[in-house]
Amino acid sequence: MIHFFRKIREKLLAQGKITNYLVYASGEVVLVVLGILIALYINNWNETRKNEIANKQLLVQLKEENTLNIHDLQQDLEYRDTINATLYAFHQFLKKEEIENKPEELRSYLTAMLRATSYGPANNYLKKYISSNTGSNSYLATQLIKLDMDQSFLKTISTKALDFKFEKYYDYLASDIDFETMEIHSFDKLKKLEFQNNVILLESIEEGVLDKFEDTFAQQKLVDSLITLELD
């Protein structure tokens with residue numbers, strides 16, 4: 001094809017048809033430019049298509065990750081819904097009852113109170129998707145950023161509650177209670193005002209955990225529905 005165009009150009013020059021040659025040359029330039037533009041368009045289309053496929057695959061992985069996180073929180077729903085009421089009842093029990101006379105009820109409260117739970121959701125694909133879509137103003141992208149923030153804060157506040165339990169309960173009561181058998185050797189520390197105050201403090205901390213737990217759980221379910229729509 002190049003040889004063919006060269007022959008035409010040489011013939012026009014040989015015949016002295018400068019005007020015709022200039023028209024021809026301009027047309028040749030236009031054809032070259034169009035060829036380049038078409039090639040660029042096809043290349044950009046291919047890249048866009050590759051990115052869309054990769055993004056969709058990432059969304060599939062993100063949905064699976066989010067589903068696992070939803071399942072993890074669902075397992076704790078009953079505990080979260082009842083722990084504050086249990087702590088309040090425990091505090092009233094410590095104030096009003098002769099706890100030595102009700103060891104089984106005391107063990108029941110201690111077992112519920114000493115449950116140690118902190119949340120560290122899987123977020124590898126969440127962070128990868130956010131990073132891959134930096135600058136996106138889509139509703140899904142903004143809700144994923146919110147989910148990342150919610151999960152991070154839930155991890156922080158639940159870890160705070162866990163540390164409080166270890167310091168103020170496990171460590172504090174270690175000499176009086178065998179936590180493996182829940183056998184109570186002494187009731188002295190359980191009767192102290194310091195311990196009762198710590199029950200109140202834990203109730204306040206767990207209230208904060210519950211608020212963020214509910215926010216995060218709702219956000220996870222919203223994100224799940226948005227991803228489902230995006231993949232359909």
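The values are calculated or read from the model by the stated rules, or taken from the named source; none is laboratory data. Remember, it's a predicted structure, so these values are computed and weren't measured experimentally. Glycine gets a Cβ as well: all are built from the backbone with ideal geometry, and neighbour counts include every protein chain shown. Areas reflect the complete protein model, heavy atoms only, side chains present, ligands, DNA and RNA absent. Shrake-Rupley method; radii C 1.70, N 1.55, O 1.52, S 1.80 Å.
Of note:
- Region 156-232, dipole about Cα centre (Lys/Arg Cβ +1, Asp/Glu Cβ -1), debye to the nearest 20: 280 debye
- The 1.4 Å probe gives accessible areas that order M149, M182, M113, largest first, as M149, M182, M113.
- Enclosing the Cα atoms of region 67-113 in their convex hull gives a volume equal to 58 cubic angstrom per residue.
- Accessible carbon and sulfur surface of region 92-154 relative to its total accessible area, %, 1.4 Å: 49 percent
- Normalising the average separation of contacting C-alpha pairs (under 8 angstrom, six or more residues apart) by the number of residues puts the relative contact order of region 144-232 at 45 percent.
- Using the 1.4 Å probe convention, the accessible area of region 144-229 works out to 51 Å² per residue with neighbouring protein chains retained.
- When you restrict to C-alpha pairs under 8 Å that are six or more residues apart and normalise by the size of region 89-185, the relative contact order lands at 30 percent.
- In region 110-160, Cα pairs under 8 Å separated by at least six residues give a relative contact order of 57 percent.
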